[in-house]
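Asker: Structure incoming, see below.
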Amino acid sequence: MRARLLLVAFRSILRNRGPYLPATGILALGIGMSVAMFSLVDAVLLRPLPFPRQESIHVIWKVDPLAGSHVEELAYPELGDLQQNIQDFEYVAVMPTSLYGYAKVLQSGKAEPVQIESAPVSHDFFRVLGVAPVLGRDFASSDERVDAAPVVVLSDRVWRDEFSADPGIIGRMIRLNGQGLTVIGVMAPGVGFPRGAGLWVPLGVEAEIVERRGATFLEAIARAKRGITRERISGEVNALFQRLAVDHPEAYTRSQQGVVTPLAEYWTGSARLHLWIMLGASLLLLAASIISASNLLLSRTLSRRPEIATRLALGARPADILAQLGSEGAVVGILAAAAGLGVAQSAVRFLVRWAPPDIPRLADAALDLNSFCFAAGAAAMAALACTVVPAWSATRMHLESALREGGTRLSLSRQGSRTRSAFILAQAAVTVALLAMAALLVLSYQSMMSVDTGFRNRDALTMNLHLRGQDVSSRAFYARLLNRLREAPGVTSAAAILLRPLEGTIGWDVSYEFEYEAQGRDRRVLPKTNYEVITPGYFKTVGTPLLEGRDFDEHDSEGGEPVVIISQTLAQRIRAAGFSPLGYRLRHGHNSDRWSKVVGISSDARYRSITHRGADIFVPYSQAAQPTNYLVIRGTQSAKDLTALVRRTLAEIDSTQAVAGVATIGE
């Protein structure tokens, strides 16, 4: 019986396509966009991580509000502090706050070298995550000894891509950065943590680092016992850090506070807010499309008043009329859902392709069972709305007046006109409000994503080049490579930097003080700012204006006068103290007594986060102890051609080096 009703409804829709076709199209668009956004949210935020009891895993670091520091890294001794003093943890491990500088070049001898992100971790790292290798074993405490045989655990992706899923890989020695490491394990699929890691090696810190509390470069990751809340852990961690500040005043300040972040939040970062905003906007669009479609079907019902009245007069039951209207609404919902899934498939492909590449698991987004269930729910709501509104109008029909509308009269009754007019006004008001809210959400998101980052050349191409080999001089190598690239046809500028813009919220923080505030100040509580090592021509390449002074040049040599370029925010602080920034001196680093002269002032830029504009200190690579790790190149060629040019030039200079992580600043 129900199948027959649906078949009759389908034939009726085919005969009277006028109102049904646009209603179905409007619903298909609303359902399609909402399903697409739900698929992204499901893949990134809702789908469980590949770690059992993920809610028990937390990442721990510190902040120092007094020093204006959003991230204070941990030292290796604090691993023992957490293990010994907090009994609510099952396991605790440490890992670097950022993977930059730890990438390794795999030399298989069969193809060109491949750079793979590496994560040095302490031996309990995989026990914290609750995962075990599918082949071999993970790390033991003995693997962390400095004199231990070098070993490595491969990710499933690297095992398949670089070693063709060879089941005999365990015990095999591979060459990474020219050093032989023995493969002891292969992890299960999906275990790519820290994000981007393709292999893991033991942390293996030197003996002096084991007890050195000033060597901060780590963050902790801990698995709590069952039933232990985040609030309880935060209280215990903060109490521990306060005791450490009392016991070790030379290393810590009492203004430092612990930050305990659930692994799921740490994993997704700022993408969580962005995705929820876009899902909310798509749901508002869905609601507006349902209202518009129901209004179109109401118009169809009002035009059928004489027909419905005639059927009732001939003995049809009201339930039969409602069943017909319900069947038509169901058919519209089914057709809209089918078309909407097609829209969703195309939208998912587009969004995955053009979304920022650092959103975790976004590439896994696809239409699956959850997406189909969401589409079915949306279609059910649409069918219900497209049934209830026309049915409400039909049940309020005055039979005698409706029959009088028959014959040659085509106009609607006053009651029908009033009903339709009232509903149209209500529908228009609600639709405008919903679309306004959706537009506001989208515009707010767009405004947040299109803020002035300080980099006008968003097409500038960046890539990681961490040099390997004890005999390689970083400064000389980069100078030679950059000179070759700048001379190449199609290249307008090329430079290098310690850490490329928007690589992540963790960067290189350095304390600093100006000459006017240096007398009698406790250097343990100095403010901190972002620190970058750059080559001449960097500002031109990324499109950051130099507001005053000059860029670095060949005269800023290792033995020359120490110089820096500072951002506009730092320059304003000098002006507020009554001094001219150009030519003024500052020193950076806790233990540095070396004063540097300000030779330039750059426009402010966003190096750590698109939502936060901080202060920056730039040092010429010829005077810095830290090497540059990223190339920045701009030209008239495509990104693909520029990347190929860099790889060819690099191979001509040193075939054992490799680049990775190619992306434009705009990405």
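Asker: Going down the table (540/597; 225/528; 62/528; 528/597; 104/225), which pairs top 24 Å between alpha carbons?
Answerer: In this structure, 225/528; 104/225 lie more than 24 Å apart at Cα.
Asker: Enumerate the residues in region 478-503 having an amide nitrogen under 20 Å from the point lying 7 Å beyond the Cα of residue 557 toward its Cβ.
Answerer: 478-483
Asker: Once you place label points 7 Å from the Cα toward the Cβ at residue 170 and residue 88, how far apart are they in nm?
Answerer: 3.8 nm
Asker: So what are the three principal axis dimensions of region 545-667 from its Cα atoms, in whole Å, longest to shortest?
Answerer: Computed over the Cα atoms, the extents are 51, 36, 27 Å.
Asker: Continuing with this model, one more query. Please compute the length gained on full extension between residue 380 and residue 146, using 0.36 nm multiplied by the number of residues separating them and subtracting their Cα-Cα distance.
Answerer: That works out to 78.0 nm of additional length.
Asker: Can I ask one more? On a 1.4 Å probe surface of the protein chains, which of 276, 508, 61, 267 comes out largest in accessible area, and what is the full order?
Answerer: So, going from the largest accessible area down, we get 276, 508, 61, 267.
Asker: How large a share of the accessible area of region 146-199, in percent, is made up of carbon and sulfur atoms when the probe is 1.4 Å and the other protein chains stay in place?
Answerer: For region 146-199, the apolar C and S fraction of the accessible surface comes to 50 percent.
Asker: Need the full-extension length gain, residue 582 to residue 276, defined as separation in residues times 0.36 nm minus the C-alpha distance. One decimal, nm.
Answerer: 105.6 nm is the gain from fully extending residue 582 to residue 276.
Asker: In addition: Can you tell me the length gained on complete extension of the stretch residue 226 to residue 575, counting 0.36 nm per residue apart and subtracting the Cα distance?
Answerer: Between residue 226 and residue 575, full extension yields an extra 120.2 nm.
Asker: Keeping all protein chains in place, calculate the accessible area per residue for region 239-299 (probe 1.4 angstrom), answer in Å².
Answerer: Values: 2350 Å² over 61 residues.
Here the per-residue accessible area is 38 Å².
Asker: Ranked from highest to lowest mean number of other Cβ atoms within 10 Å per residue, what is the order of the peptides 279-289, 136-146? Intermediate values should be presented prior to the final figure.
Answerer: On the way: 279-289: 22.2, 136-146: 15.4.
In decreasing order of mean packing, 279-289, 136-146 become 279-289, 136-146.
Asker: Could you do me a favour and compute the accessible area per residue for region 528-667, 1.4 Å probe, result in Å²?
Answerer: 41 Å²
Asker: If every alpha-carbon in region 46-155 counts as one equal scatterer, what log10 I(q)/I(0) does Debye give at q = 0.16 1/Å?
Answerer: Those come out to -0.98, one per q.
Asker: Hey, what's region 64-179 come to in accessible area per residue, 1.4 Å probe, Å²? Display every interim value, and only then the final one.
Answerer: On the way: 5060 Å² over 116 residues.
Heavy-atom SASA per residue in region 64-179 reads 44 Å².
Asker: Would you kindly derive the ³J(HN,Hα) couplings of region 487-501 from the backbone phi angles with the Karplus curve 6.51 cos²θ - 1.76 cosθ + 1.60 (θ = phi - 60°), listing them in order in whole Hz, with x for Gly and Pro?
Answerer: With coefficients 6.51, -1.76 and 1.60, one gets 7, 6, x, x, 9, 8, 6, 8, 7, 9, 8, 5, 9, 5, x Hz.
Asker: Of the listed peptides 573-579, 154-160, what is their order by residue-averaged count of other C-beta atoms within 10 Å, with the highest listed first?
Answerer: Highest to lowest by the protection proxy: 154-160, 573-579.
Asker: OK, next. Sorted by packing (mean other beta-carbon atoms within 10 Å per residue), highest first, where do 336-348, 630-642, 41-53 land? Mind dumping the intermediate values first?
Answerer: Details: 336-348: 20.4, 630-642: 18.8, 41-53: 16.5.
Result, highest mean Cβ count within 10 Å first: 336-348, 630-642, 41-53.
Asker: Can I ask one more? Using a simple spin-label model with points 7 Å from Cα along the Cα→Cβ vector, what separation in nm is obtained for residue 625 and residue 641?
Answerer: About 4.4 nm separates the two model spin labels.
Asker: On to the next question. If I model a spin label as a point 7 Å beyond the Cα along the Cα-Cβ vector, how far apart are those points for residue 593 and residue 664 in nm?
Answerer: Using points 7 Å along Cα→Cβ, the separation is 5.0 nm.
The values are calculated or read from the model by the stated rules, or taken from the named source; none is laboratory data. These figures come from a predicted structure and were not determined experimentally. Reconstructed Cβ throughout: ideal geometry from the backbone, glycine too, with neighbour counts over all protein chains shown. In case anyone asks, the SASA skips ligands and DNA or RNA and just uses the protein heavy atoms, side chains included. Shrake-Rupley method; radii C 1.70, N 1.55, O 1.52, S 1.80 Å.
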